[in-house]
1. What are the lysines whose alpha-carbon lies under 20 Å from the alpha-carbon of Lys43, with same-chain residues fewer than 8 places away excluded?
2. So what is the relative contact order of the stretch 1-86, in percent, for Cα pairs below 8 Å that sit 6 or more residues apart?
3. Applying the Karplus parametrisation 6.51 cos²θ - 1.76 cosθ + 1.60 with θ = phi - 60° to the phi angles of the stretch 53-60, what ³J(HN,Hα) value in whole Hz is obtained for each residue in order, glycine and proline being reported as x?
4. Where nothing but the Cβ of Lys and Arg (+1) and of Asp and Glu (-1) is charged, how large is the charge dipole of the stretch 46-106 around its Cα centre, in debye to the nearest 20?
5. Which of Gly15, Ala98, Ala74 sits farthest toward the positive end of the charge dipole of the chain, with +1 on the Cβ of Lys and Arg and -1 on the Cβ of Asp and Glu?
6. Run down the aspartates and glutamates and flag those whose C-alpha is under 20 Å from the C-alpha of Lys75, throwing out any fewer than 8 positions away in its chain.
7. Place a +1 charge on the Cβ of each Lys and Arg in the chain and a -1 charge on the Cβ of each Asp and Glu, then give the dipole magnitude about the Cα centre in debye, rounded to the nearest 20.
8. In a shell of Cβ-Cβ distance under 14 Å around Trp36, excluding Trp36 itself, what net charge do Lys and Arg (+1) and Asp and Glu (-1) give?
Amino acid sequence: QVQLVESGGGLVQPGGSLRLSCAVSGSSFGAHMMGWYRQAPGKQRESVASISPGLITNYADSVRGRFTISRDNAKKMLYLQMNSLKPEDTAVYYCNRATGHWNPWGQGTQVTVSS
């Protein structure tokens, strides 16, 4: 069974930065397109960013230019560098395979942007 463990969230002021990490175990990693997702209170989970095995990246319009997704295939790690954070970025952030999500999802990591 695949295990997804997200970390790196926290409370940050608007304009601040955080780096999220996701450790994947129990499955191959390098061959899969991976993604970061987030779910704010009362809203559906949405895609934030994705990265292909060939390092092609894609971003939601709301985060493009502020967030950077990256991966380390040798370590089976996925990262999300978040800069210029806004209050509307507040959510629980999850990682998963971008096509054909693994189940169960991880516990996520809470990001709160507030002054």
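Readers should treat all values here as calculations from the given coordinates under stated rules, not as data from a laboratory. Because the structure is predicted, anything quoted here is derived from the model rather than measured. Neighbour counts are summed over all protein chains in view; Cβ atoms, including those assigned to glycine, are modelled from backbone coordinates with ideal geometry.
1. Correct list for Lys43: Lys86.
2. 33 percent
3. Couplings: x, x, 6, 7, 10, 9, 9, 5 Hz.
4. 240 debye
5. Ala74
6. Straight-distance partners of Lys75: Glu6.
7. 120 debye
8. On the way: positive: Arg19, Arg38, Arg45, Arg64, Arg66, Arg71, Arg97; negative: Glu6, Glu46, Asp89.
Value of the local net charge: +4.
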